[in-house]
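Below is one structure, written out as structure tokens, with a few remarks after it.
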Amino acid sequence: MKRILITGAAGFLGSHLCDRFIKEGYHVIGMDNLITGRLSNIEHLFPSASFEFYNHDVSKFIHVPGQLDYILHFASPASPIDYLKIPIQTLKVGSLGIHNCLGLAKAKNARVLIASTSEIYGDPTVHPQTEEYWGNVNPIGPRGVYDEAKRFQEAMTMAYHTFHGLETRIVRIFNTYGPKMRLNDGRVLPAFIGQALRGEDITIFGDGSQTRAFCYVDDLVEGIYRLLLSDYAQPVNIGNPDEISISQFAEEIIALTGTDQKVVYLDLPVDDPKQRQPDITKAKEILGWEPKISREEGLKRTYAYFCSLSEEELNKKDHNDFEKFTVK
Ligand code: UDP
């Protein structure tokens, strides 16, 4: 039985990856320090003999006994609000965390796949973004802690690949959505759906002309699965190229939820990218992958998940008490 370590296992993407690898017959070792992840995302896996969980901060030395075949490094805060609340941890998990994962991989002779991001392209001047584009990132802006940690993570991973001959894979993940997203993490989709369900105004930042392209989580997981098992060590974009403006997106959510709340326009956050769309030519050619789930279908499934949450869950201002985490 192949053994895989998934860091960030209790997070949105990590928990979907745990499900997928269990389904594929792997022994999954999930790791998370639960700063932004939630045990409720993975508690259904605890009875399985194929799953074990370590409550551990990957920025600190990682010890996993026994054989390891694969490591997926998905631990990281991943929404602009989280970076503002926990900037130092965001930097540490992308830098110290990846160093620990790569060291562990080298010791175990395991293959590592790291979660990189479209944020490494910053506010892109090339559109759509190809893997060859080096990006336009402000290192000292509010997003810099995430963007630069992820860029460092790519550099470190390539260094282990070229210097130590370690087997490595890099996925650049574009905006992804689906069940198990945190309702109040500040991202646009849970923000709009949460507002609709609570009867609050829909908040568009800026004039809503900025664009994003949203990928349903099952499609993303399939792309990651194929990349891990491929022999391609260069970065690969995985995302859905179906680009939409944030105001059009708000209209779709309003139609989906039937809310009669009004739209209000708030200031655009600093360094908010004006446009974003993945060029997925590489994923198509190398992995034979492209997204299959339309936004209409994906949004329906995601809305059904948010509707299933309890009233208490829906009205929590945040799922995590960031105040208790002191920045060292
Ligand atoms: N956004 C918005 N209203 C919200 C939350 C986000 O208009 O209540 C905008 C945000 O400014 C950005 C886009 O939606 O332009 C996507 O934001 P998100 O935080 O989901 O992801 P990212 O900016 O990292 O792509």
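Before moving on, here are some points about what is shown:
- With Cα atoms defining each centre, region 118-165 and region 67-110 are spaced 15 Å apart in the structure.
- Shown for the chain are the DSSP H helices of 27 Å or more along their axis, judged by Cα atoms, with a mean Kyte-Doolittle hydropathy of at least -0.5: 87-108.
- Residues of region 54-87 with amide N under 14 Å of the 7 Å Cα→Cβ point at ASP272: 80-81
- Positive end of the dipole of region 1-100 (Cβ unit charges, origin at the Cα centre): among GLY25, ALA78, MET1, the Cα lying farthest that way belongs to ALA78.
- Using a Förster distance of 35 Å, the FRET efficiency for PHE46-PHE152 (Cβ separation, nearest 0.05): 0.55
- Dividing the helix sum by the residues of the chain, where each DSSP H run of 4 or more adds -39500 (n - 2.57), gives a mean residue ellipticity at 222 nm of -11000 deg cm²/dmol.
- Centroid-to-centroid separation of region 286-312 and region 220-237 [C-alpha atoms, Å]: 21 Å
- The tail of the calculated P(r) for region 140-184 beyond 12 Å holds 72 percent of all Cα-Cα pairs.
- Restricting region 46-155 to trypsin sites (Lys or Arg not before Pro) in coil, as DSSP defines it, with at most 16 other Cβ within 10 Å: LYS60
- Distance-filtered residues of region 157-197 - backbone nitrogen under 19 Å, label point 7 angstrom along LYS2 Cα→Cβ: 166-172
- A simple count of charges around LEU309, restricted to other residues whose Cβ falls under 13 Å of its Cβ and scoring Lys, Arg +1 and Asp, Glu -1, yields +2.
- Summarising the label geometry, the points placed 7 Å from Cα in the beta-carbon direction at SER310 and LEU256 lie 2.5 nm from one another.
- Range of Cα positions in region 56-214 per principal axis (Å), largest first: 52, 34, 26
- For the chain, average projected area of the Cα convex hull in nm²: 15.8 nm²
- Chain lengthening between VAL263 and SER247 when straightened (0.36 nm per residue, less Cα-Cα): 4.8 nm
- Dipole moment magnitude, nearest 20 debye, region 14-72 about Cα centre, only Lys, Arg, Asp, Glu C-beta charged: 60 debye
- Projecting the Cα atoms of PRO235, GLN195, ILE253 onto the charge dipole of region 191-328, computed from C-beta unit charges around the Cα centre, puts PRO235 farthest toward the positive end.
Coordinate-derived values only; no laboratory data. Please read all numbers here as calculations on a predicted model, not as lab measurements. Note that each Cβ is placed from the backbone with ideal geometry, even for glycine, and that neighbours are counted across all protein chains shown.
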